[in-house]
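For reference, the structure discussed in these notes is given below.
The values are calculated or read from the model by the stated rules, or taken from the named source; none is laboratory data. Predicted model, so just to flag it, every value in this text is computed and none were measured. Please note: Cβ atoms are built from the backbone with ideal geometry, for glycine as well, and neighbour counts cover all protein chains shown. Ligands, DNA and RNA are stripped out before the accessible areas are found, and what is left, the full protein with its side chains, is counted by its heavy atoms. Shrake-Rupley method; radii C 1.70, N 1.55, O 1.52, S 1.80 Å.
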Amino acid sequence: MYEHLKIEERGAIAIMTISAPKSLNALNSKILSEIDQYLDGFDCDKYRCLVVTGDGEKSFVAGADISEMAGLNAADGEAFGKRGAKVFRRLETLPVPVIAAVNGFALGGGCELAMACDIRICSDNAKFGQPEVGLGIIPGFSGTVRLARLVGMGMAKQLIYTGKAIRADEALRIGLVNAVVPQAELMDKVMEMADLIAKQAPLAVRAAKECINAEWDMDADEAIACENRAFGECFATADQKGGMRAFLDKSKYEFLGK
Ligand code: CO8
């Protein structure tokens with residue numbers, strides 16, 4: 001169905017693998033369209049978590065496709081940037097959590113893709129970087145927006161101005177990734193986390209994601225009011241009733257997503 005995406009489902013978890021082996025999974029227009037198309041049909045009631053990874057053992061995504069960008073003019077460049085940014089924003093705002101399983105190079109658009117995910121777990125061979133200034137461009141899939149938010153202004157500027165890639169341990173130290181694991185264990189560890197997320201009350205997890213994303217840009221009073229509203233709405237769900245009753249009864253309850 002897709003040329004560059006491999007889609008798998010394991011229970012309530014969907015796995016989207018980006019596959020363009022000849023270019024280390026670099027993102028071209030076709031791949032961006034396929035991700036868009038996949039997200040169009042993504043069933044947030046069926047799946048409680050989405051895992052995004054790259055094909056092979058070498059690269060998550062080695063950036064946007066340089067061969068496609070090389071001949072662009074200013075208007076085309078802006079349009080290509082907008083296209084990627086829009087797809088990544090869709091992932092960031094997907095109602096269910098998205099985990100990036102970073103299995104190797106996450107450079108340029110690959111690092112930006114990982115940053116648009118909620119959580120990043122990487123293998124010990126992963127490398128992160130924003131090498132765009134070495135190509136005469138800047139990060140164009142929202143890297144100048146998200147990197148500083150994740151690792152702070154100073155470190156973001158250092159990474160973007162120098163273009164120097166960092167190893168997994170450094171990415172962990174600066175807070176760019178949540179965890180580093182041996183490559184052979186990457187998918188098991190990611191699935192462990194995805195399973196744990198999938199076992200929680202789905203509407204509560206979604207509400208938490210929506211709040212955290214929305215509150216980022218609000219002032220404290222507005223953000224607290226936003227949380228207050230979402231917190232209140234949780235009490236209108238069957239899962240809040242079931243979950244709390246089960247705790248008090250010392251019984252088990254399987255969340256329904258209602
Ligand atoms: N685009 C196109 N092809 C690529 C890319 C890429 N980003 N990365 C790797 N490839 C291709 C190589 O050209 C090579 O192809 P071929 O076999 O035909 O020569 C193949 O993948 C294998 O790569 P290498 O032989 O280079 O493998 P190495 O192990 O020697 O090196 C690296 C791996 C370090 C990952 C190296 O390939 C590299 O530096 N790649 C480019 C990384 C990069 O600069 N990424 C950032 C691109 S710019 C970007 O992402 C901007 C995002 C915002 C866009 C905004 C639009 C306007």
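Overall, the stretch 5-198 carries a charge dipole of about 500 debye about its Cα centre when +1 sits on the Cβ of Lys and Arg and -1 on the Cβ of Asp and Glu, all other atoms neutral. Per residue, the stretch 202-249 exposes 68 Å² of solvent-accessible protein surface, assessed with a 1.4 angstrom probe and all protein chains in place.
Based on protein heavy atoms only, the stretch 5-198 ends up with 44 Å² per residue of surface accessible to a 1.4 Å probe. Expressed as a whole percentage, what fraction of the accessible surface of the stretch 155-206 belongs to carbon and sulfur atoms when a 1.4 Å probe is rolled over the protein heavy atoms? Taking all protein chains in place, the stretch 155-206 shows 56 percent carbon and sulfur surface.
When the Gaussian network model of the chain links Cα atoms closer than 10 Å, the mean-square fluctuations of 105, 235, 141 top out at 235. Note on the chain: with a GNM built from Cα contacts shorter than 10 Å, the maximum mean-square fluctuation among 65, 217, 195 falls on 217. What does the charge count near residue 163 come to, summing +1 for each Lys or Arg and -1 for each Asp or Glu among other residues with Cβ under 13 Å from its Cβ? After counting each charged neighbour, the total is +2.
Taking 16 Å as the straight-line reach from the Cα of residue 189, the lysines in range (excluding those fewer than 8 positions away in the same chain) are 199. Antiparallel beta bridges, as assigned by DSSP with both residues in the chain, represent about 25 percent of the total such bridges. Of the residues 150, 176, 203, which exhibits the maximal mean-square fluctuation in a Gaussian network model of the chain defined by a 10 Å Cα contact cut-off? Result: 150 has the largest fluctuation of those listed. Take residue 5: with every protein chain present and a 1.4 Å probe, its accessible area is about 10 Å².
For residue 82, the lysines whose Cα falls under 30 Å of its own Cα, not counting residues fewer than eight places away in the same chain, are 6, 22, 30, 46, 58, 127, 157, 164, 209. Dividing the Cα radius of gyration of the chain by its Kirkwood radius returns 0.99 for Rg/Rh.
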